[in-house]
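Notes for the one structure printed next.
The values are calculated or read from the model by the stated rules, or taken from the named source; none is laboratory data. Because the structure is a prediction, the values reported are computed rather than measured. Ideal geometry is used to build each Cβ from the backbone, glycine not excepted, and the neighbour counts take in all protein chains shown.
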Amino acid sequence: MIDLDAARAILRSNDLGGYTVPTRGLYPFQWNWDSAIIALGWHCFDEGRAWHEARTMFDGQWDNGLLPHILFHSDSDSYFPGSEVWGANSRIPSSTVSQPPVWALAIAMMLDRSKASAAARAEVEALLPKLLAHHRWWYRDRDLGKSGLVETYHPWESGMDNSPAWDAPLARVPRVEWEYQRRDLGHVDECQRPSHGEYDRYLYLIEFLKHNHADPRRMSTSSPFRVVDLTIVSILHRATRELVSLCQQFGLDSAIPDLEVQLARTRAAMSGCWSEDHRCFLNRDKVSGTPLAERTTASLLPLFGLLASERQASQMASLIEEWLAASRFSLASTHPESPRYEPTCYWRGPVWLHINWMIADGLTAYGYDDLAREVRAQSIKCIEAAGGYFEYYGSETGEGCGGGEFSWTAAVALFWLAGE
Ligand code: DGY
């Protein structure tokens, strides 16, 4: 049994007034994709608060459309690196990269769930131009070559920070040589977090962005870390489809043709990411121009993005059956057969329930209802085994890992697991 009162209590206690922290201490600010998932959770019991979450996030949007991955609404000494390290010149102190663009989808879902009430329509009307600017930023500044596949310049932008898929591209990034004190290790056991070598390189990339003023042209030609991340590509595609539908409903027809061009470009480019041998899609390293042959849950998200053909979906479904069977708790974020699989280390193996939701949703869209039900059952099993809402769950033991009282996991329970 999952405890929905406890899920609601987590959102309330992580509410800092207009924005919800992922968890206290470890992540004391507003995170972009967390916040979109969290808004869906709020929407199940407090619609006004859900829209407030969205408004606060978009208050931090840059003039060029970038929606930062972190908004540092207030000071906190429980997190490093803070806004001074990023050095952004923004209205609300922020980071200089974005995160998987879930917002248009979340807003479309909230509108739908509120049965397009007048209040919800007014919120969408105000947010729609900002959503458009957000998506245009991705297509314009992160795909200068109009390839259909947007680029990413920091593992934190992908959201899957220490995914084994990033090992090779990150290895060529220099390490910073200055001393710093990590704060995450004061909250979470070291073995569940990225390594010091990874942190040194994350910081180098922040400095690189700062020295280059996050300029798209400079980043796309000289960033030492430059990848096509399927999490972003898939979510962007799915969310842009929702954005087209919102534009139709709200009379913004003039914005649609350009979005349709982008959607078609991405669909056409996806065949280049498919691997027949792996039976899934693969992230790409843009520096070396090679596929990143690591099966992580990002490889499955094109199902959520509605970017797979029927034949590809059927191969992925058989892969997912094996993937589910390969660890006691599923879906492991890295395929358990990988030599880089680590069942309790952040994005190298643990189960993340918002990703499970996306994969189950994609499976349903392609008609694999039984498999989708199994992914959902596995998600409930994690919450039960750990006895609560954690950041992620050990894929062999179901133990709660990372931060506790975690907002997006509680939100997923409210808007997904509570249904049916
Ligand atoms: C962190 O600090 O671990 C975050 O993932 C950065 O977004």
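Is one or more of the residues making up the range 113-122 within 16 Å of the chain's Cα centre (by Cα) and at negative phi? Among the residues of the range 113-122, not one is within 16 Å of the chain's Cα centre (by Cα) and at negative phi, which makes the answer no.
Residues that are touching a residue at least 40 places away in the same chain (Cβ under 8 Å), over 19 Å from the mean Cα position of the chain (by Cα) and part of a helix (DSSP H, G or I) within the range 285-313 comprise 310, 313, listed in sequence order. Inside the range 208-257, can you point out the residues that are in contact with a helix residue (DSSP H, G or I) (Cβ under 8 Å, 6 or more places away or on another chain), among the charged types (D, E, K, R) and surrounded by 14 or more Cβ atoms within 10 Å (Cβ to Cβ)? Hits for the range 208-257 are 210, 226, 229, 238, 241, 242.
Just one of the listed residues (104, 118) is free of Cβ contacts under 8 Å to residues at least 12 places away in the same chain and more than 16 Å from the ligand (Cβ to nearest atom), namely 118.
For every residue, the table says whether it meets (1) part of a loop (DSSP other than H, G, I, E, B); (2) in contact with a strand residue (DSSP E or B) (Cβ under 8 Å, 6 or more places away or on another chain); (3) surrounded by 24 or more Cβ atoms within 10 Å (Cβ to Cβ); (4) among the aromatic types (Phe, Trp, Tyr).
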site: 100; (1), (2), (3), (4): yes, no, yes, no
site: 112; (1), (2), (3), (4): no, no, no, no
site: 127; (1), (2), (3), (4): no, no, no, no
site: 137; (1), (2), (3), (4): no, no, no, yes
site: 145; (1), (2), (3), (4): yes, no, no, no
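Please work out if residue 410 is modelled with pLDDT of 95 or more and in contact with a helix residue (DSSP H, G or I) (Cβ under 6 Å, 6 or more places away or on another chain). So residue 410 passes the test.
The residue that is farthest from the ligand (Cβ to nearest atom), among those in the range 1-42 that are within 18 Å of residue 59 (Cβ to Cβ) and part of a helix (DSSP H, G or I), is 42.
Residue 271 meets the conditions (1) over 28 Å from residue 414 (Cβ atoms); (2) of a type in the set (S, T, N, Q); (3) in contact (Cβ under 8 Å) with a residue 12 or more places away in the chain in every case but one. The failed one is (3).
Among the residues of the range 144-157, the one identified as within 14 Å of the ligand (Cβ to nearest atom) and acidic (Asp, Glu) is 157. Applying the criterion of being of a type in the set (A, V, I, L, M, F, W, C) and over 18 Å from residue 393 (Cα atoms) to the residues of the range 158-168, the residue that is nearest to the ligand (Cβ to nearest atom) is 166. Check whether at least one residue in the range 334-342 is crowded, with 19+ Cβ neighbours inside 10 Å and out of contact with any helix residue (DSSP H, G or I) (no Cβ under 7 Å at 6 or more places or on another chain), and report yes or no. The answer is yes; a qualifying residue exists. Figure legend. Inter-residue proximity from the range 26-38: first residues farther than 15 Å from residue 232 by Cα and buried (at least 24 other Cβ atoms within 10 Å of the Cβ), second residues modelled with pLDDT under 95 and among the acidic types (Asp, Glu), beta-carbon distance below 8 Å, spacing 6+ or different chains. No pairs are indicated. The residue that is nearest to the ligand (Cβ to nearest atom), counting only those in the range 169-195 that are assigned to a helix (DSSP H, G or I) and closer than 15 Å to residue 156 by Cα, is 184. Is it the case that some residue within the range 400-418 is touching a Ser or Thr at 6+ places or on another chain (Cβ under 6 Å), under 20 Å from residue 327 (Cα atoms) and buried (at least 21 other Cβ atoms within 10 Å of the Cβ)? Yes; the residues of the range 400-418 include at least one that is touching a Ser or Thr at 6+ places or on another chain (Cβ under 6 Å), under 20 Å from residue 327 (Cα atoms) and buried (at least 21 other Cβ atoms within 10 Å of the Cβ). Once the range 60-91 is narrowed to residues that are part of a loop (DSSP other than H, G, I, E, B), within 16 Å of the ligand (Cβ to nearest atom) and among the hydrophobic types (A, V, I, L, M, F, W, C), the residue that is nearest to residue 19 (Cα to Cα) is 72.
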